[in-house]
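Please read the structure below before turning to the comments.
The values are calculated or read from the model by the stated rules, or taken from the named source; none is laboratory data. What you see is a predicted model, and the numbers here were worked out from it, not measured in a lab. Quick reminder, even Gly has a Cβ in these numbers, built from the backbone with ideal geometry, and neighbours come from all protein chains shown. Protein only, heavy atoms only, side chains kept; ligands, DNA and RNA dropped before computing areas. Shrake-Rupley method; radii C 1.70, N 1.55, O 1.52, S 1.80 Å.
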Amino acid sequence: MADRTTDNSAPLEQFETLPRRILVVYLPLAVFVFVLLFPFYWMAITAVKPDNQLTDYDNFSPFWVIGPTLEHMKFLLFETSYPAWMWNTVIVSVASTVIALFASVLAAYAIERLRFRGARITGLLIFLAYLVPPSILFIPLAYIVFQVGIFDSRLALILTYPTFLIPFCTWLLMGYFRSIPYELEESALVDGASRWQILTKVVLPLAVPGLISAGIFAFTLSWNEFIYALTFISSSENKTVPVGVLTELVRGDIYEWGALMSGALLGSLPVVILYSFFVDYYVSSMTGAVKE
Amino acid sequence: MTGPDQASSAPAQDDPPRRRGWFSRLSESRNGLGFLFMLPAAAVLLFFLTYPLGLGVWLGFTDTRIGREGVFVGLENYAWLFDDPVFWLSVFNTMLYTVVASVAKFGLGLWLALILNRHLPFKNFFRAVILLPWVVPTVLSAMAFWWIFDSQFSIISWSLMQMGLIDQPINFLGDTWNARWSVIAANVWRGIPFVAISLLAGLQTIPQSLNEAAAIDGATPWQRFTKVTLPLLTPIIAVVMTFSVLFTFTDFQLIYVLTRGGPVNATHLMATLSFQRAIPGGQLGEGAAIAVAMIPFLLAAILFSFFGLQRRRWQQGQD
């Protein structure tokens, strides 16, 4: 049914027979989708399994649940600091995204449109900054964070996350600004607009898709960040979700798999929901960063 | 060139007189305004990225510990690491992890991209669903893998036992090589979507007329793939794989969740070893030295994957 019409996406597909299509397309695709999604299914089903079914594979099929329970979620929400971790993650992600967007919009506009002396080199340096991985920066950063006196505070994360957000957002926004015709800015200049007015009234409204892409991407990156949050935060009430779930819910040798998986599930939901609304923006920001 | 040559903006007429001064003069020249606009980004990056990068190199030459200022000790940390078998084991592990996982991610990702490039019902749905492993926080999906790789209640072991393929649960994370393959598998799982979706974007830019022309000339599907699609895709493969190698080489989260470097350091990567020595171990100097030791390997890996693939494009362009 798929190849009724002439289509452009794959060459000469219309000459393929159905059995062959099933073998080379649908079967591998089904395996890929199964493997890529199974861990989430397993996470979700474990999160709602009553304790007696969790490891009793002989009497209950492990792939299904009889009488799903919200006990684990309740435990998480009312007997642990989970809500606080969630709140911290939201604050840190939103604040660092806002800072990164503000700085990146100005920087990208300056590099791409003001063309100040050294703009090209600056653009290249920003790209190189994107290639510096957090795992070689966290030790000196921990040292600095401690010296500045913001160790074990949300501020430590809010100020350090932009180091990997700004290079990415700037690079992405440079691409978007490049696609806006110069003529629009020139006519605004002729009409007596200042550079700031051009940026806020002409360029930014046209770059809204780019801003959304950069914003949700930056939010996701900060939500998922781990090594800085693990290193810079020590007290339980300041932790973010990924760090809190891993370091506070795992105690001793008895793993509370139900609670752990509930924590993982609830911690993933915000980004997954955001993602489901903005799939195309995600794809364009991911591929946009690569294509440049 | 349609560049904004008259870029110095006219100052807004209704500026209050007291604001005229160095600020308005600065914002009238293009370089001055560029400087002002770059200021926020530059301040953050210089203080929290460039400075720590330099500080990290310096710390590597000192014996700094947590809570105690260090003194310059020259190459002592590096000499110490050179004689440390655990460090070399972590180098080996990082290499193995990066090479095997990157090759697997590339192969499987390209395969998935080629499948998705066909005409499929619900194509957008599949594309959206396939990106999920990449969107969900790594630590949280790694915890699902932790549970999937459980030594007693692993669902994989159980399924294989039900099928009668094995007699007892596989000790996924407790055995040296099992643990290595398990973390590599989890990393590949996490990385396939990025490679697949990026390569798919590349595939969609290749005009189908080229493939059709080759087919009319009698090229087999395999010839069309290797002689038409692959050469045209090479530039984007180079970029995607450079990023993939970079992120795999510096991976930390997955190992930290699944094994913390165990069993007996068998899965320690340089990043996790550096963390273990520096933060729980308190030896900031030594940890920084390990992190700095990653830089040459990292540069080599980036240069290899970038220029290696670029040159292949050039060679193929010649014949």
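In table form, for the structure just shown:
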{"quantity": "Choice from A:32, A:102, A:75 showing the highest fluctuation, given a GNM over chain A with Cα pairs closer than 10 Å", "calculated": "A:32"}
{"quantity": "Partner chain coverage, peptide A:75-87 - average Cβ within 10 angstrom", "calculated": "0"}
{"quantity": "Sequence-distant lysines (8 or more away, or on other chains) whose Cα lies within less than 30 Å of residue B:123", "calculated": "A:291, B:105, B:227"}
{"quantity": "For chain B, built as a Gaussian network whose Cα springs stay under 10 Å, the top-fluctuating residue of B:73, B:44, B:257", "calculated": "B:44"}
{"quantity": "Counted charge near residue A:47, where neighbours are those whose Cβ lies closer than 13 Å (Asp, Glu -1; Lys, Arg +1)", "calculated": "-1"}
{"quantity": "Virtual spin-label span in nm between residue A:279 and residue A:94, 7 Å along Cα→Cβ", "calculated": "2.8 nm"}
{"quantity": "Pairwise label distance in nanometres, residue A:184 with residue A:155, each label 7 Å out on the Cα-Cβ vector", "calculated": "3.9 nm"}
{"quantity": "Environment charge of residue B:59, counting only residues whose C-beta is closer than 15 Å and scoring Lys/Arg +1, Asp/Glu -1", "calculated": "-1"}
{"quantity": "Averaged over B:112-119, number of beta-carbon atoms from partner chains that fall within 10 Å", "calculated": "6"}
{"quantity": "Those lysines that a straight Cα-Cα span of less than 25 Å connects to residue A:239, excepting residues fewer than 8 apart in one chain", "calculated": "A:74"}
{"quantity": "Alpha-carbon Rg with Dmax, taken over region A:80-291, Å", "calculated": "19.6, 71"}
{"quantity": "Radius ratio Rg over Rh of region A:13-71, counting only Cα atoms, Kirkwood formula for Rh", "calculated": "1.27"}
{"quantity": "Per-residue average of Cβ from other chains inside 10 Å of A:56-68", "calculated": "1"}
{"quantity": "Cα gyration tensor shape for the protein assembly as shown, rounded if a/c is under 1.5, else prolate or oblate", "calculated": "oblate"}
{"quantity": "Unit charges on C-beta of K, R, D, E only; dipole of region B:142-284, Debye", "calculated": "280 debye"}
{"quantity": "Cα centre as origin, Lys/Arg/Asp/Glu Cβ charges: region A:13-71 dipole, Debye", "calculated": "260 debye"}
{"quantity": "Chain B: DSSP helices with Cα axial extent of at least 20 Å and average Kyte-Doolittle hydropathy no lower than -1.0", "calculated": "B:30-45, B:85-116, B:176-203, B:230-249, B:284-318"}
{"quantity": "Unit charges at the beta carbon, dipole of chain B: most positive-side option, B:280, B:108, B:255", "calculated": "B:108"}
{"quantity": "Candidates B:294, B:161, B:38: whichever shows maximal mean-square fluctuation once chain B is modelled as a Gaussian network with Cα springs under 10 Å", "calculated": "B:38"}
{"quantity": "Extension gain, residue B:163 back to residue B:220 (0.36 nm per residue minus Cα-Cα distance, nm)", "calculated": "16.6 nm"}
{"quantity": "Modelled FRET efficiency - R0 41 Å, residue A:212 with residue B:66, Cβ distances, 0.05 increments", "calculated": "0.50"}
{"quantity": "Å² of accessible area per residue within chain A, as computed with a 1.4 Å probe and no ligands counted", "calculated": "43 Å²"}
